[in-house]
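K.L.:
Can you keep this structure in mind? I'll have questions shortly.
Any read-out appearing in this document is the output of simple, stated calculations on the displayed coordinates, not a laboratory observation. In this text, all values refer to a predicted model and were calculated from it rather than measured experimentally. Cβ coordinates were reconstructed from backbone atoms using ideal geometry, including for glycine residues, and neighbour counts include every protein chain displayed.
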Amino acid sequence: MDRDDLLQPTLAGHQTRPPVDKPWRVGSQVYVAFFGGALAVGAIGALNARTLRMSARAVAAIAGIALAAEAALVTAVVATDTDEIRIISIVAGLAAFGGSYLLQRSPDRVYHFHSDDDEPYESLFGPGLIACICARIIEGILLFGVLEA
Amino acid sequence: MSDTALQAARRYIEIGRHRQALESLSQLDSETAATTEARRLRGFAFYGIEDFDRAADEASDGLQDDPQALDLLYLLSLSEERRGRLGEAEAAILAALEQDPDDAELLCQYADVLMRAGQLDKAARVLDAAAESDPDSPDVLGSRQSLAYLRGDNREARRLSEELLALDPESIRGHRMLGVFDINRGRAASAAERFGEAVRQDPASELYAADAREAQRMARNPLWWPTLFFTRVGVVASWVGAMVVIFGLRAAGAATAATIAVVAWLALCVWSWVVPPILNRLER
């Protein structure tokens, strides 16, 4: 790319962030991963990625990682016939969080580094709790169905 | 009288006393106050006190008289960037770069606008071009430091911050970045010192003052300390460590100790999840 190409405008349609549109702390999502598992942290990560204005591809990647971790959980439970489902679910959740964290880290830094707001983040407590409860119900139904089949 | 007031305003801006500069400029007669130079000085003074709307207005008005004025285009880009109008900030800095495409300071400003928009790869290429033009520029070093941090390359960002402070021990960017690293590692007292140094260099900046206030609150209030411990150890390391301890105790047959570890761990997790937002609300 020569100098002329480099100095072509690429921000013409850039939208200003509305003040109410705040993301969640990426680090706090680890609690959702621990208590809610891969599905919960995937949902929270994908929603946060949208708030951070990440590309559709990145949002899909976060959701994909969470689904892959959940699939691995189901496979491990079926293959090993283990009783330690809770532990495997936590491991799957933390693995999904790891991928999601790496994808969100740079956009989150761009947001936080340039934010003038005293409190630039929304609390994850409410949405995280809802995500944990919903994901545990879905995961329970999923595992019950698989183990019964 | 007008010449003296302009000179005084110029001097006040050089030493960071923007309000006094505005007072001097308010003494100008109407004819001098409408000149490009007076608008330029007023614009930079407004920018210095973080009144970005009026800074942009002054720059735009000045550009109507002199559309090619590089410093006004630069000021307009700075002000529009801080207002969040990144398309306008880009247009202004590109208009300046059209006249002088090799100016490292202008290229760094363009890179800063791109970084704010999240276009980090293009920002890196712009900074490469700036470094070609002026390899020893502290502006390039400062922008490279920000870029490394935004990309998640902490080691490189820290190295560049230290290099920047070796070149200029009063560098606000250098102190702020090392303060950010300190706070990210749970070292609130050290971060407060770093941010305090940035505030001393630029007392008008509300951003640096807010950083310093937050770090001081965290360092002084013991209710923050469990959260700082978490931050200091790191998210991944703390969770891996907790799992190793809990399951290690369980595997060793120490069920009671494992239960205590689980309870302590969960209490710490819940604390660091619930308490910081409450403290943030109470302390403001």
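K.L.:
Could you tell me the calculated FRET efficiency between B:Glu37 and B:Arg250, based on Cβ-Cβ distance and R0 = 56 angstrom, to the nearest 0.05?
P.N.:
That pair, B:Glu37 with B:Arg250, gives E of 0.15.
K.L.:
If you fit an axis through the alpha-carbon atoms of helix A:56-80 and take the longest principal axis of the Cα set of chain A, what angle between them do you get, 0 to 90°, nearest 10?
P.N.:
Helix A:56-80 and the main axis of chain A meet at about 10 degrees.
K.L.:
Give me the distance in nm between label points sitting 7 Å out from Cα along the Cα-to-Cβ direction at A:Ala56 and B:Arg11, one decimal.
P.N.:
Those two pseudo-labels are separated by 6.1 nm.
K.L.:
Please list, in order along the range B:139-144, the HN-Hα scalar couplings obtained from phi with the Karplus expression 6.51 cos²θ - 1.76 cosθ + 1.60 (θ = phi - 60°), rounded to whole Hz, x for Gly and Pro.
P.N.:
Values, residue by residue: 4, 5, 4, x, 6, 5 Hz.
K.L.:
At a threshold of 8 angstrom on Cα-Cα distance, excluding pairs fewer than six apart, so keeping six or more, what relative contact order does chain A reach in percent?
P.N.:
In percent, rounded to a whole number, it is 36.
K.L.:
Over chain B, what is the relative contact order in whole percent, taking alpha-carbon pairs under 8 Å and six or more residues apart?
P.N.:
Answer for chain B is 8 percent.
K.L.:
Which of the listed residues, A:Leu39, B:Gln119, B:Leu167, is farthest toward the dipole's positive end in the protein assembly as shown, when Lys, Arg count +1 and Asp, Glu count -1 at the beta-carbon?
P.N.:
Towards the positive end, the residue furthest out is A:Leu39.
K.L.:
Pick out which of B:Ile183, B:Ile172, B:Ile246 has the largest mean-square fluctuation in a Gaussian network model of chain B, springs linking Cα atoms closer than 10 Å.
P.N.:
B:Ile246
K.L.:
Another question, if that's okay. Considering only B:Arg173, B:Arg213, B:Arg155, give the residue with the highest GNM mean-square fluctuation for chain B, with springs between Cα atoms whenever their separation is below 10 Å.
P.N.:
B:Arg155
K.L.:
Need one value for A:112-121: mean number of C-beta atoms belonging to other chains within 10 Å of its residues' C-beta atoms.
P.N.:
5
K.L.:
Post the alpha-carbon centroid distance, the range B:23-80 to the range B:223-277, in whole angstrom.
P.N.:
About 55 Å separates the Cα centre of the range B:23-80 from the one of the range B:223-277.
K.L.:
Averaged across B:111-120, how many Cβ atoms of other chains sit within 10 Å of each residue's Cβ atom?
P.N.:
Rounded to a whole number, the mean comes out at 4.
K.L.:
Helix B:154-167: angle to the longest alpha-carbon principal axis of chain B, degrees 0 to 90, nearest 10?
P.N.:
50
K.L.:
Between B:Ala212, B:Ala92, B:Ala251, find the one with the highest GNM mean-square fluctuation for chain B; connect C-alpha pairs within less than 10 Å.
P.N.:
B:Ala251
K.L.:
Taking the Cα centre of the range B:1-93 as the origin, how large is its charge dipole in debye, to the nearest 20, when only Lys and Arg (+1) and Asp and Glu (-1) carry charge on their Cβ atoms?
P.N.:
It comes to approximately 360 debye.
K.L.:
What angle do you read, to the nearest 10 degrees and between 0 and 90, between the alpha-carbon axis of helix B:188-201 and the longest principal axis of chain B?
P.N.:
Tilt relative to chain B: about 0 degrees.
K.L.:
Could you size up the charge dipole of the protein assembly as shown around its Cα centre, putting +1 on the beta carbon of Lys and Arg and -1 on that of Asp and Glu, and report it in debye to the nearest 20?
P.N.:
Value, rounded to 20: 2400 debye.
K.L.:
Also, quick follow-up: Just to check I understand the Karplus step: with θ = phi - 60° and J = 6.51 cos²θ - 1.76 cosθ + 1.60, what whole-Hz values come out for the range A:89-95, glycine and proline as x?
P.N.:
5, 5, 4, 4, x, 5, 5
K.L.:
Based on the Cβ-Cβ distance from A:Thr82 to B:Asp61, what FRET efficiency comes out when R0 is 51 Å, to the nearest 0.05?
P.N.:
Efficiency, rounded to the nearest 0.05: 0.10.
K.L.:
Let me ask something additional. If you count, for every residue in B:79-89, the Cβ atoms of partner chains within 10 Å of its Cβ, what is the mean?
P.N.:
Shielding by partners across B:79-89 averages 3.
K.L.:
Can you list residues whose amide H is under 5 Å from B:Arg83's amide H, if they're 5+ apart or on another chain and H is modeled 1.01 Å from N?
P.N.:
The list, which skips near neighbours in sequence, is empty: none.
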